[in-house]
1. Being over 16 Å from Gly52 (Cβ atoms), open to solvent by less than 30 Å² (accessible area, probe 1.4 Å) and of a type in the set (A, V, I, L, M, F, W, C) is the filter here; which residues of segment 5-21 pass it?
2. For residues that are under 10 Å from Ala24 (Cβ atoms) and of a type outside the set (S, T, N, Q), scanning just segment 60-76, find the one that is surrounded by the most Cβ atoms within 10 Å (Cβ to Cβ).
3. Residues being in a helix (DSSP H, G or I) and under 14 Å from Val44 (Cα atoms): count how many of those fall in segment 89-99.
4. Can you work out which of the residues in segment 48-57 that are touching a residue at least 24 places away in the same chain (Cβ under 8 Å) and exposed (fewer than 15 other Cβ atoms within 10 Å of the Cβ) is nearest to Val99 (Cα to Cα)?
5. Residue check: is Thr86 more than 18 Å from Cys25 (Cβ to Cβ), of a type in the set (Val, Ile, Thr) and either open to solvent by 50 Å² or more (accessible area, probe 1.4 Å) or not in a strand (DSSP E or B) (or both)?
6. What about Gly42, is it part of a loop (DSSP other than H, G, I, E, B), modelled with pLDDT under 95, surrounded by 13 or more Cβ atoms within 10 Å (Cβ to Cβ) and not polar (S, T, N, Q)?
Amino acid sequence: MTTPRADSVSAVVTDAVLAVPGVACLRPGLRGLLHAAVRRPGAVRVDLDANGSVRALHIEFVARSHHRTADVARAVRTAAAGAAGTPPAAVKVTVTGIV
């Protein structure tokens with residue numbers, strides 16, 4: 001179960017990631033697909049610590065083929081960390097496809 005804080009962080013991070021050049025889309029997991037009717041689908045998972053601060057982020061996205069995937073992944077990590085106010089080391093990025 002997610003909290004309102006995690007949902008709001010997820011929404012802000014989603015917007016930041018989708019604005020990165022070379023990102024085609026987020027890759028929704030099964031959980032995201034099941035909850036799509038209730039909230040925004042996506043593949044941004046947020047872990048909060050006991051104080052409500054972002055402890056970790058995991059982002060799955062599909063990259064565009066005409067961009068260097070490693071560069072896009074680094075830019076996604078930087079954008080997500082900035083949007084969530086957490087260090088880049090707390091952000092795990094997975095490229096799930098290239099289109």
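1. Ala16, Val17, Val20
2. Step one: of segment 60-76, the residues under 10 Å from Ala24 (Cβ atoms) are 61-65, 67, 72.
Narrowing the set further to residues that are of a type outside the set (S, T, N, Q) leaves 61-64, 67, 72.
Numbers: Phe61: 26, Val62: 15, Ala63: 23, Arg64: 14, His67: 16, Val72: 21.
Across segment 60-76, the extreme among qualifying residues is Phe61.
3. 1
4. Checked segment 48-57; the qualifying residue nearest to Val99 (Cα to Cα) is Arg55.
5. Details: more than 18 Å from Cys25 (Cβ to Cβ): yes; of a type in the set (Val, Ile, Thr): yes; either open to solvent by 50 Å² or more (accessible area, probe 1.4 Å) or not in a strand (DSSP E or B) (or both): yes.
Yes: the conditions hold for Thr86.
6. Yes; evaluated as a whole, the condition is true for this residue.
Residue by residue, here is whether (1) of a type in the set (Lys, Arg); (2) at pLDDT 85 or above; (3) in contact with a helix residue (DSSP H, G or I) (Cβ under 6 Å, 6 or more places away or on another chain) holds:
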residue	(1), (2), (3)
Ala6	no, yes, no
Val12	no, yes, yes
Ala19	no, yes, no
Gly29	no, no, no
Ala36	no, no, no
Asp49	no, yes, no
Ala56	no, yes, yes
Val62	no, yes, no
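The values are calculated or read from the model by the stated rules, or taken from the named source; none is laboratory data. Quantities reported herein were computed from a predicted structural model and do not represent experimental measurements. With ideal geometry, Cβ positions are generated from the backbone for all residues, glycine too; neighbour counts draw on all protein chains shown. Just the protein is used for accessible areas: all its heavy atoms, side chains included, with ligands, DNA and RNA removed. Shrake-Rupley method; radii C 1.70, N 1.55, O 1.52, S 1.80 Å.
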